[in-house]
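The structure appears below as structure tokens.
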Amino acid sequence: MLVVHSTLVIEPSSAGIAGPALSSRGRELVNSPSMPPYLVEHFSRIDDAWDRDRNPNGYVAMCMAENMLVWDLLEPKMAASRDVPARVIAYDDMTGSESFRRALARFLERNVAGRSFEPEQVMTLAGSGAVLEILFYAIADPGDGVLIPTPSYFGFWPDLETRDELHAIEVHTSSETGFHLTTDLLDAAVDKADRPVAALLFTSPDNPTGRVHPADHLDSIIAWTEERGIHLVLDELFALSVFDGSPFISGASRRPKLGDRIHLVWAFSKDFAVSGLRCGVLVSENQGVLKAVETLSNWAAVSGDTQYMLEQLICDDAWVEGFMQENRRRLGKAHTQVTDALTAAAIPHLPGQAGFFLLCDMRPFMREITWQAEEELWGWLLETANVNLTPGSDCHIGEPGFMRLVFPSGPTPAVVAGVERMGRALASRRVA
Ligand SMILES: Cc1ncc(COP(=O)(O)O)c(C=O)c1O
């Protein structure tokens, strides 16, 4: 049997690949696919992308958490930051050059966290996935539990479980409450846990609900982690992508000090739409955590060239302001156009306030509300309408029948065409 492992196709029994030349942990990696099927499908179809004139039946990706609406704003700015000084090709502090960390501290204070940090408390690593993996290595022991409210970003599971050997504890929120997280749900998850719980990983703005958590909710979550004496890791990757006019309030702004147990994670991946540059940011006031992360940073450093370019970008306040405003405007416009198309196609959905996501309720198109039926519908949409959504099961959602739609994952006309095609296909399947 052939096994698809990310983009590799391998024979498990063929010499070497999963055989004696690997360590047991190496074999385990071979046997644990690094990509869920929707991503494998995405990379196999991407070269056949939709084009109104040349490829009207082409593939429409709506599954990848990327913002493809702002390249025209980024390209000239990136091209203008190519006066690279010699120092950037030399070894430097692996947690980020001193000047980049200083620039990041200032940028985060003004735009994300609403409070100041010392540059030494800000570290940068190759993407927020690397930040989370290394941060959790430092704050939790193998076997410990980490609470993750769901639906959620799927990558937290590999980030925490692969090398850190932690156990993600799903805290399911319900569609009946609009997927609202309460401290009662957190209490119940801790009471049920069969292991020590080390931390809560909390995302705001949220992927995939697109919700921005208000101050009183943040306060109740922070107070709950303080009472429990556990770490709170704030994932605020979509802080600058709030498009409905709501204020973004950082969890980091709700206490005069972060203290030893609150840590902030941000990245350029989403808010600056440069996921391929791999630049994530950690802010912590815990000296021990900073030291431990520094020790591991050697294996996940951001290239000096990328740091230099991003530093030029965030130090230009006028450009940042203009970019953020225009980015929000375009996200809002695309959100309106795609939700209008979903409404016209009679596909129920939860509108978002921020980020890149719409959560579609596909239950009216399922004969039975099971995980198997959800998987079948996802595959059917891919084959019949050539559109790829993220199945709810990959968001670790607690109930079958939902799929995540990433509305800025391509030009809006392509996404709207995909929704229209999906609506025509689904019309024949409506059962409710
Ligand atoms: C909430 C959230 N956190 C972290 C990540 C990982 O981002 P990065 O590309 O910076 O590793 C993602 C990516 O989709 C995300 O949605």
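Just so it is clear, none of the values below were taken in a lab; they were calculated from the coordinates. All values reported here derive from a predicted model rather than from experimental measurement. Heads up, the Cβs are rebuilt from the backbone with ideal geometry, glycines too, and the neighbour counts pull from every protein chain shown.
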Three-way shape call for the stretch 318-424 based on the alpha-carbon gyration tensor, with the a/c threshold at 1.5: prolate
28 Å Cα cut-off, lysine pairs counted over the chain (separation 8 or more, or different chains): 6
Label zone at ASP187 (point 7 Å along Cα-to-Cβ), backbone N below 12 Å, the stretch 205-234: 224
The stretch 300-351 and the stretch 152-197: distance between their alpha carbon centers, rounded to Å: 28 Å
Listed residues HIS335, MET309, VAL320: farthest to the positive end of the dipole of the stretch 289-342 (Cβ charges): HIS335
Rounded to 5, percent antiparallel among DSSP beta bridges of the stretch 81-315: 35 percent
Packing-based exposure ordering (other Cβ within 10 Å, fewest first) of SER152, SER97: SER97, SER152
Choice from SER250, SER32, SER409 showing the highest fluctuation, given a GNM over the chain with Cα pairs closer than 10 Å: SER32
Beta bridges per DSSP with both ends in the chain, % antiparallel, nearest 5: 50 percent
Net charge dipole size for the stretch 81-315 [Lys, Arg +1 and Asp, Glu -1 on Cβ; Debye, nearest 20]: 660 debye
Dipole of the stretch 232-371, positive end: most advanced residue of ALA344, ILE249, VAL233 [Cβ charges, Cα centre]: ALA344
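What is the stretch 81-315 by shape, rounded, prolate or oblate, if you read a ≥ b ≥ c off the alpha carbon gyration tensor as root eigenvalues and call it rounded for a/c under 1.5, prolate for a/b larger than b/c, and oblate otherwise? The partial results should precede the final answer.
Values: a/c = 1.87, a/b = 1.48, b/c = 1.26.
It is prolate, given that a/c is not under 1.5 and a/b is the larger ratio.
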Order of LYS270, LYS333 under a 10 Å beta carbon neighbour criterion, fewest first: LYS333, LYS270
At 1.306 mPa s and 10 °C, Stokes diffusion of the chain via Kirkwood alpha-carbon radius, µm² per second: 70 µm²/s
Cβ-placed point charges (K, R +1; D, E -1), dipole of the chain about Cα centre in debye, nearest 20: 720 debye
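Using unit Cβ charges (K, R positive; D, E negative) and no other charged atoms, how large, in debye to the nearest 20, is the dipole of the stretch 185-300 about its Cα centre? Show your work: numbers first, answer last.
Details: 11 positive and 15 negative charges, 59 e Å.
Using only the charged Cβ atoms, the result is roughly 280 debye.
List LYS192, LYS77 from most exposed to least, where exposure is judged by having the fewest other Cβ atoms within 10 Å.
On the way: LYS192 8, LYS77 17.
The fewest-first ordering by Cβ neighbours comes to LYS192, LYS77.
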